[in-house]
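Each remark here refers to the structure printed beneath this line.
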């Protein structure tokens, strides 16, 4: 497994990161452990989770994924780079969510308890919180880093201008700087190439994209005419509507068919080629791959060692150019 630096930091991470949001709902603990084992065997040393996981759950299941990851890490914590996230709703009270100082300081302690560790390597804001001043959020993150509970901090699902403001306010007030971003990115969602990735490149931010397979659509296993596939993200609890809105459209299925045809002569699966395409962008640090069964990692793990032929890369770019503009027909 190839490794690289996380943005402008000295931290080394594997080019693939294991996402764990299936753990505890789609995948029971035994299966989750097998997925973690398979990723580790494949050279993945970077694990990403969040306090609100598992995906598709609610406040009754929130935290379950971190607990599973924490139990698996026992006795081998020093061999892995561990990232988690906060901001999502974790309880019934109004302050059990968001990026306020109160919630973030409570959330990091709760995550560390569930993960069975005294620090995480990367602590991320799972989404933007427009109701909390950026300075308050930055002060809380600075406190968390200075206390030793996190080595670095980052953000996920932020617009480019908000990240620019975060960087500016941190510099102006001499507070801990965010070092990474975690956006959605795939052949079927390329909008971040317009503003977010140039910002990341200029400010040396690590980029850790999620959904490189568009929620599984880029595996080619789904069929539009039969409706959303049972047991997948397209039918999973509170996540179903979100994933259907993102990807379950006739135009996207037509693109997948064209991509499959383009890739077929290369000897690669569409799954491997799709992840390799994400990694081919020089701004990308590590792509987040996930699974609900360990065998699903076989094709994604291959992507770390694949260099796409230039002509194939260009063809994939051409077939998905509309998804860069954000005006893909639905």
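Points worth noting:
- Flag for residue 200 being under 21 Å from residue 320 (Cβ atoms), without any contact (Cβ under 8 Å) to a residue 60 or more places away in the chain and in a helix (DSSP H, G or I): no
For every residue, the table says whether it meets (1) surrounded by fewer than 16 Cβ atoms within 10 Å (Cβ to Cβ); (2) closer than 20 Å to residue 211 by Cα.
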{"residue": "41", "(1), (2)": "yes, no"}
{"residue": "53", "(1), (2)": "no, yes"}
{"residue": "63", "(1), (2)": "no, no"}
{"residue": "83", "(1), (2)": "no, yes"}
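- Of the residues examined, residue 205 is one that is touching a residue at least 24 places away in the same chain (Cβ under 8 Å) and within 20 Å of residue 87 (Cβ to Cβ).
- Set 24, 57: member being under 26 Å from residue 242 (Cβ atoms) and without any contact (Cβ under 8 Å) to a residue 60 or more places away in the chain: 24
- Residue count for segment 143-158 under the criterion of being closer than 19 Å to residue 7 by Cα and in contact with a helix residue (DSSP H, G or I) (Cβ under 8 Å, 6 or more places away or on another chain): the result is 6.
- With respect to the stated conditions, residue 34 fails to be under 18 Å from the mean Cα position of the chain (by Cα), surrounded by fewer than 24 Cβ atoms within 10 Å (Cβ to Cβ), within 21 Å of residue 295 (Cβ to Cβ) and modelled with pLDDT of 95 or more.
- Pair list, Cβ under 8 Å, 6 or more apart: segment 1-15 residue without any contact (Cβ under 8 Å) to a residue 24 or more places away in the chain and on the phi > 0 side of the Ramachandran plot, other residue surrounded by fewer than 14 Cβ atoms within 10 Å (Cβ to Cβ) and outside any loop (DSSP other than H, G, I, E, B): none
- Listed by position, the helices (runs of 4 or more DSSP H) inside segment 223-320 whose residues that are in contact (Cβ under 8 Å) with a residue 60 or more places away in the chain, in contact with a strand residue (DSSP E or B) (Cβ under 6 Å, 6 or more places away or on another chain) and within 26 Å of residue 65 (Cα to Cα) number at least 1 are 270-280, 297-302.
- Screening residue 60 with (1) in a loop (DSSP other than H, G, I, E, B); (2) touching a helix residue (DSSP H, G or I) at 6+ places or on another chain (Cβ under 8 Å); (3) more than 30 Å from residue 273 (Cα to Cα) gives one miss only, at (2).
- Scan of segment 63-78 for residues that are in contact (Cβ under 8 Å) with a residue 24 or more places away in the chain and assigned to a helix (DSSP H, G or I), ordered by number: 64, 65, 66, 67, 68, 69, 70, 71, 72, 73, 77
- Filter result for the condition that a residue is within 30 Å of residue 31 (Cβ to Cβ) and either over 18 Å from the mean Cα position of the chain (by Cα) or surrounded by 13 or more Cβ atoms within 10 Å (Cβ to Cβ) (or both), over 317, 245: 245
- Of all the criteria given as (1) buried (at least 19 other Cβ atoms within 10 Å of the Cβ); (2) farther than 26 Å from residue 205 by Cβ, the one not satisfied by residue 220 is (1).
- As for segment 165-174, it holds no residue that is outside any helix (DSSP H, G or I), surrounded by fewer than 22 Cβ atoms within 10 Å (Cβ to Cβ), free of Cβ contacts under 8 Å to residues at least 40 places away in the same chain and in contact with a strand residue (DSSP E or B) (Cβ under 9 Å, 6 or more places away or on another chain).
- Of all residue pairs spaced 6 or more apart or on separate chains, those with beta-carbon atoms under 7 Å, a first member in segment 102-120 that is free of Cβ contacts under 8 Å to residues at least 12 places away in the same chain and a second member that is outside any helix (DSSP H, G or I) and surrounded by fewer than 24 Cβ atoms within 10 Å (Cβ to Cβ) are 102/95.
- Residue 75 vs. criteria surrounded by fewer than 23 Cβ atoms within 10 Å (Cβ to Cβ), under 18 Å from residue 47 (Cβ atoms) and over 23 Å from the mean Cα position of the chain (by Cα): yes
- Which listed residue is within 15 Å of residue 166 (Cα to Cα), crowded, with 16+ Cβ neighbours inside 10 Å and in contact with a helix residue (DSSP H, G or I) (Cβ under 8 Å, 6 or more places away or on another chain), from 137, 117: 137
- Of the residues making up segment 249-281, those that are surrounded by fewer than 20 Cβ atoms within 10 Å (Cβ to Cβ) and more than 15 Å from residue 303 (Cα to Cα) number 12.
- Applying the condition of being over 21 Å from residue 280 (Cβ atoms) and in a strand (DSSP E or B) to segment 1-31 and asking which residue is modelled with the highest pLDDT yields 23.
The values are calculated or read from the model by the stated rules, or taken from the named source; none is laboratory data. Here the structure is a predicted model, which means the values were calculated and not measured. Don't worry about glycine lacking a Cβ; one is built from the backbone with ideal geometry, like all the others, and counts go over all protein chains shown.
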